[in-house]
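The values are calculated or read from the model by the stated rules, or taken from the named source; none is laboratory data. None of these values were measured; they are calculated from a predicted model. Using ideal geometry, Cβ is built from the backbone for each residue, glycine included, and neighbour counts are taken over all protein chains shown. Heavy atoms of the whole protein, side chains included, go into the accessibility calculation; ligands, DNA and RNA do not. Shrake-Rupley method; radii C 1.70, N 1.55, O 1.52, S 1.80 Å.
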Amino acid sequence: MTSSFDAAGRRDAPPSVDLFGHFRDLIRVAVPAILIGIIVGASVFALRTALVPKEYSATVVTEITPAGTIIPGDAFVEQLRAPFVALSTDENVLQQVLTQVDTGWTTGELSSHVTTTPGTAPTLLDFTATAPTSQQAEDVARAMVTAISAASLSTHARDITRQIDQLRAQVTAERVRNRALPDRSDAKVESDATLADLDSQLTRLQNSSTDTLTILAAPSASEVPVSPKPAQEGAVAGIAATIIAAELLVLFRGRVGRKPNPIWARRAAHRYGAQLTYGRRGEPALPSTLLPAFAQRHRRAQIALILTGEHVDADRLVGDLVPPADDAATGHHLRVAQHPLTDAWWQRVDPGDLTLAVVVVSSSGRDRKAADQALSQLATIGSTRHLIVQRTGKQPSAPALSSPADAVPDESVGGETAGDSAAPRTEAATPMSPAASHDDPGTTSHDSDRFRTASGDVGSNAR
């Protein structure tokens with residue numbers, strides 16, 4: 001687990017993104033997310049099928065016959081198609097189509113039902129129309145091509161007529177000027193050349209033509225509707241809903257709630273730089289990987305702290321933390337302080353001597369907020385942090401058929417005296433009754449002095 005805190009407890013860099021951990025969280029919520037996706041996809045499928053009217057399409061392939069020589073190049077091809085594409089949105093053309101085909105649409109609706117796309121060759125242009133029926137879609141496409149072709153010819157004829165009228169006026173004026181000039185003069189010769197040039201331009205305009213648009217092919221309209229497509233739309237909506245639901249469930253389970261869970265545990269450990277151990281079901285003791293760390297602190301006479309949450313059996317947690325027998329002569333002390341999460345542990349333990357801290361919570365407890373606060377405090381101090389989530393039942397286990405004498409805790413745990421063990425005997429006096437939680441105000445928490453015994457006591461109670 002990568003820590004985002006330095007030795008002083010200050011954040012030195014933003015937390016790294018744990019992608020693998022996030023994927024594991026997504027897998028944990030996969031089942032409800034998939035169910036949500038199925039429901040959303042089925043709803044979209046049903047709504048699109050029942051409420052959206054069907055539309056059919058028809059495509060007409062047209063050919064552009066250029067008036068001049070074709071020049072290879074994309075620019076020429078685009079210039080060849082541009083006038084006809086522009087005419088497909090002309091108001092007069094759309095109005096003419098509506099007079100030929102009874103659709104009940106406005107010109108804006110007709111424009112949205114007709115699209116133009118480049119064909120497979122430079123001179124080909126496809127017109128696609130959609131309508132409530134396949135026959136109506138084909139009629140609209142054909143009428144659109146006819147109207148565009150007629151509009152193109154009309155526009156060309158109007159422009160040519162205007163230019164011819166202008167040239168004829170220039171020819172008439174030049175002829176009047178030419179008659180007034182003296183014969184064999186330079187001005188007469190120049191005027192004759194001007195008249196010849198104007199006559200040539202007039203002839204070219206009168207014989208000019210424009211690009212034409214004709215129907216090359218009109219395949220039969222398909223009887224399969226192009227819209228809606230409920231299966232594809234439902235699948236896309238279901239996949240999107242599954243992904244969004246999984247992310248929201250991970251976000252919700254990691255930030256909302258009171259019970260510890262794997263998603264919250266991974267997020268908290270990653271955020272506060274703690275080593276995470278998710279215990280096995282029914283395993284109340286500390287994991288074996290932590291025992292060497294406690295032994296290391298013990299031999300160095302350093303303090304280790306255990307913070308326990310609800311439904312955690314603290315006596316069984318510290319059962320394995322017995323000092324080695326040879327430490328009686330060296331005077332080493334087993335300095336392990338155990339407190340509930342809700343206790344003000346920093347008032348009983350010197351934070352300067354604290355080097356190892358373990359936060360133990362139960363999956364059946366309701367102390368997620370307290371664990372977050374404790375991990376934040378430990379991260380600020382800069383001590384080594386461990387987070388353990390135990391998979392326990394709703395109550396800690398207790399001996400079902402035991403006598404009061406059997407309920408006496410092992411004195412080798414921390415060197416208890418007879419007075420210190422009186423309270424546990426009293427708590428275990430009633431058989432088959434679950435032990436009280438550490439959050440119970442009437443429960444006496446384990447004090448750190450229980451584990452700070454004299455060297456003679458340690459030696460006498462060691463295994």
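Considering just Cα atoms, how many Å³ per residue does the convex hull of region 35-110 enclose? Numbers along the way, then the final one.
Details: hull volume 14.3 nm³, N = 76.
Normalising the Cα hull of region 35-110 by residue number yields 189 Å³.
I need the Kirkwood Rh of region 114-245: take the reciprocal of the average 1/r across all distinct C-alpha pairs and report it in angstrom. The partial results should precede the final answer.
Values: mean 1/r = 0.0485 Å⁻¹.
Final number for the Kirkwood radius of region 114-245 is 20.6 Å.
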**Q.** Ratio Rg/Rh, restricted to region 15-148 and using Cα atoms, in which Rh is the Kirkwood radius
**A.** 1.26
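What per residue convex hull volume, in Å³, comes out for region 158-211 when only alpha-carbon positions are used? Show your work: numbers first, answer last.
Details: hull volume 3.2 nm³, N = 54.
Cα convex hull per residue, to the nearest whole number: 59 Å³.
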(Q) Just to confirm the filter: which trypsin sites (Lys or Arg not before Pro) across region 41-120 are DSSP coil and have at most 14 other Cβ within 10 angstrom of their Cβ? (A) Lys54
Q: Could you rank Trp105, Trp264 by how accessible they are, 1.4 Å probe, largest area first?
A: Trp105, Trp264
Q: Could you state how much accessible area Arg168 has, in square angstrom rounded to the nearest 10, with a 1.4 Å probe and all protein chains kept in place?
A: 120
(Q) For a Förster distance of 25 Å, can you work out the FRET efficiency between the beta-carbons of Gln201 and Leu181, rounded to the nearest 0.05? (A) 0.70
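Go through Arg28, Arg158 and list them by solvent-accessible area, largest first, probe radius 1.4 Å.
Arg158, Arg28
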(Q) Just to make sure I understand: if all protein chains stay in place, what is the order of Thr155, Thr49 by accessible area at 1.4 Å, largest first? (A) Thr49, Thr155
